[in-house]
Amino acid sequence: MDTRPDSGHVLSADRPGRFGPYGGRYVPEALIAALDELDREYAAAKQDPAFTAELDHLLTTYTGRPTPITEAARFGAEAAGGARVLLKREDLNHTGSHKINNVLGQALLTKRIGKPRVIAETGAGQHGVATATAAALMGLECVIYMGEEDTRRQALNVARMRLLGATVVPVTTGSRTLKDAINEALRDWVTNVATTNYVFGTVAGPHPFPTLVRDLQRIIGVEARQQVLDLTGKLPDAVAACVGGGSNAIGIFHAFIDDPEVALYGFEAGGDGVATGRHAATITAGSPGVLHGARSYLLQDEMGQTIESHSISAGLDYPGVGPEHAWLKDSGRATYEPVDDADAMEAFRLLCRTEGIIPAIESSHALAGARRLGERLGPEATILVNLSGRGDKDVDTAATWFGLMDDSESEGGR
Amino acid sequence: MTTSVAFEKARAEGRAALVGYLPAGYPSVDGSIEAIRAMVEAGVDVVEVGLPYSDPLIDGPVIQTAVDAALRAGTTTKDVLRVVEAVAATGAPAVVMSYWNPLDRYGAAAFARDLAAAGGSGVITPDLTPDADDTWIPAAREHGLDTVFLVAPSSTEERIAMTTAACRGFVYATSVMGVTGTREQVGDAAAGLVARTKATTQLPVAVGLGVSNAAQAAEIAAYADGVVVGSAFVRRLLEAPDPAAGVTAVAELAADLAGGVRTR
Ligand SMILES: Cc1ncc(COP(=O)(O)O)c(C=O)c1O
């Protein structure tokens, strides 16, 4: 685990867990003791060589870190304006996405605290699968909350979680997606906090989650920065990542924050297009407020009610975003743009065809963003893309999108 | 009447105060006013007017269902203030129960001003602890509103002291670790929490979460200054065949509970 001190300008020193005006802890008093405990145990674990050694060992021997970077030469030439596109292969992690980096750390913390049960929310199912995996590995009871809508579009991952021994609870309230799964997980936590740790999946939520999850995901950028230097002899011109809650994006951004020559781009889910109102482009189209325990940008109406988000990608279908991204946006250090469903699916198709890699639909938003950056920056540019996950879970959605499942084929073939 | 006066009156009568919660806007804005009026006539001393919110993370399914319906019917923050005004007109103190984001969006200062103007007594903030934000307490103080924060069985002594120091009107002690909803048993933790809370403050301490009947109310009234009932009232409205029957059922429950808080 990387334990470098926080970049001073990102985290304000006087208030822990604040990123400028964002972050903080807006939760029921009943949860404060558990959040304090987590904060304390994490601070102690960071300093404990046995803990960091165990995590490093798991990241190497279980997850398969370091993940490689792959030069996407055909994709760059044919799909991204001739720019040099480098993929950080988080899709090659065990369980198929970056989510495992965070989960192994939090599961080890759970054991350190001595709680026998973990809960988690999941959208695309990748965080749920990662949590179920770590729970199986470490002998923890595991309950995963997942919006009913998401259990349908990510059915493969529901089966994976159950195979791993987790209980999957479909959430039928509200929009039946990630936002409501978080509400339900928080309700479970407030009830069972004595025995249960909440393994939060992204850099949102109350302090310490935005910092804790970011620190556990920083390894992506730490590795990638050195790998790009080794390969190209210089830093990339731009780093691109998709942004749901923002964990893979902060994970790859963080090592570059003090490199002003590297532009940081977060790509949010534009859904049917931001103008239609059916999207999940929180930073682009949202406003500051409080959701799920932290102040950040969110999609809300004039009364402060959360507006439901829409995206073809379950993992990006969230009306909030992590507070550090809100701060990176306001400070101008990172730029956030929407990518709509159609552009993301076109990038998905292109990566399959040019590189033989089936990306997650979430990550395809970053690929679409990289195409845009390639056109803008030209063939001299090097663009590092966080390929946050693989697309096995999305095969049904993609096959439907591209019309590959006409009756004659699907009847016999499925 | 202020909440302090209502609690003093109950104390003078040798009993606990009965605090009743209903969300504004369910089954309609006018319907919620009618139900609350009936509740007050039947013996509720202090009213909690719920401000419907899209992500009520410490509410169980009963309250979720009602506030969801209220929001789908278009209930606004202005409607909530209208309900407060109607409740205040009955003479019972009305406190708003609200998650933080709707108040933040309205503007802490503007909400405090408009709530005071509507005759409201204060606000209970279930997801705002006194140390979470700098805007609410000064705004409430300026307009003489009660700031009611929650203490929980998991709270440390330091946090209980910090919380009660920031409370005005009364302190809300959550009886169990969990979300709102009726329970067979109110936890053993409640009495201990009330004792720990009273060690730090002269303010009245009301116990909520899970109370649904007169026997439970009596049990809590033995050691607390107030008994808060929410989901049990909401359930009466949800299960009623029509709004009028709902109002009757709410009044019956209120009368029953009013008996409970008088049996110590
Ligand atoms: C592959 C992949 N990428 C990205 C995300 C979005 O999460 P975050 O923005 O926290 O990285 C998810 C979430 O499920 C995911 O599965």
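The values are calculated or read from the model by the stated rules, or taken from the named source; none is laboratory data. Predicted, not measured: the structure shown is a model, and the values here were computed from it. Quick reminder, even Gly has a Cβ in these numbers, built from the backbone with ideal geometry, and neighbours come from all protein chains shown. Only protein heavy atoms, including side chains, enter the accessible area calculation; ligands, DNA and RNA are left aside. Shrake-Rupley method; radii C 1.70, N 1.55, O 1.52, S 1.80 Å.
Side notes on the structure shown:
- Taking every DSSP beta bridge that has both ends in the protein assembly as shown, the antiparallel portion is near 20%.
- Basic side chains Lys and Arg get +1 at the Cβ, acidic Asp and Glu get -1 at the Cβ, and with that the dipole of the protein assembly as shown about its Cα centre reaches some 980 debye.
- Percent carbon-and-sulfur accessible area, the stretch B:3-260, ignoring ligands, DNA and RNA, probe 1.4 Å: 52 percent
- Efficiency of FRET from Cβ geometry, A:Arg40 and B:Glu13, R₀ 51 Å, rounded to 0.05: 0.65
- Of all DSSP beta bridges in the stretch A:199-334, antiparallel share, percent nearest 5: 55 percent
- For the pair B:Ala73 and A:Thr191, label points projected 7 Å from Cα toward Cβ lie 2.7 nm apart.
- The residues of chain B expose, per residue, 34 Å² of accessible area to a 1.4 Å probe.
- Counted by Cβ distance under 14 Å from A:Arg353, the other residues give a net charge of 0, where Lys and Arg count +1 and Asp and Glu count -1.
- Ranked order, A:Trp401, A:Trp189 - accessible area, probe 1.4 Å, largest first: A:Trp401, A:Trp189
- Spherically averaged projected area of the protein assembly as shown from its Cα convex hull (nm²): 29.4 nm²
- Kirkwood hydrodynamic radius of the stretch B:3-260, from inverse mean 1/r over distinct Cα pairs, in Å: 17.7 Å
- In this label model, A:Ala275 and A:Ala77 are separated by 3.6 nm, measuring between points 7 Å along each Cα→Cβ vector.
- Only the Cβ atoms of Lys and Arg (+1) and of Asp and Glu (-1) were treated as charged; on that basis the dipole of the stretch A:231-290 about its Cα centre amounts to roughly 180 debye.
- Across A:Cys352, B:Cys167, the residue with the most accessible area heads the list, and the full order at a 1.4 Å probe is A:Cys352, B:Cys167.
- Within the accessible surface of chain A, defined with a 1.4 Å probe on protein heavy atoms only, the carbon and sulfur portion equals 51 percent.
- Over the stretch B:3-260, Cα pairs under 8 Å with separation of 6+ residues give a relative contact order of 22 percent.
- Label-zone membership for the stretch B:215-253, site B:Gln185, 7 angstrom Cα→C-beta point, backbone N under 18 Å: B:215-221
- The relative contact order of chain A comes to 20 percent, based on Cα pairs under 8 Å that sit 6 or more residues apart.
- For A:Lys99, a cut-off of 16 angstrom between C-alpha atoms picks up these lysines, skipping any fewer than 8 places away in its own chain: A:Lys88, A:Lys393.
- Contact surface A-B: accessible area buried, both sides summed, square angstrom, 1.4 angstrom probe: 2800 Å²
- Mean residue ellipticity (222 nm) of the protein assembly as shown, computed from DSSP H runs ≥ 4 via -39,500 (n - 2.57), nearest 500: -13500 deg cm²/dmol
- With the simple model of a label 7 Å out from the Cα in the direction of the Cβ, B:Asp30 to A:Asp392 spans 6.0 nm.
- Zone of A:Thr60's modelled label, taken as backbone nitrogen in the stretch A:83-103 under 15 Å from a point 7 Å along Cα→Cβ: none
- Flagged links, alpha-carbon separation over 27 Å, of A:Lys46/A:Lys234; A:Lys115/B:Lys198; A:Lys46/A:Lys179; A:Lys179/A:Lys329: A:Lys46/A:Lys234; A:Lys115/B:Lys198; A:Lys46/A:Lys179
- Put a plus charge on the Cβ of each Lys and Arg, a minus charge on the Cβ of each Asp and Glu, and nothing anywhere else: the dipole of the stretch B:3-260 about its Cα centre is then about 260 debye.
- Once the gyration tensor of the Cα atoms in the stretch A:262-396 is diagonalised, the equivalent ellipsoid follows with semi-axes of 26, 18, 12 Å, ordered largest first.
- Area of B:Lys78 that stays accessible when all protein chains are in place (1.4 Å probe, Å², to 10): 130 Å²
- Comparing A:Pro170, A:Thr284, A:Ile307 along the charge dipole axis of chain A, the residue lying farthest to the positive side is A:Pro170, per the Cβ-charge model.
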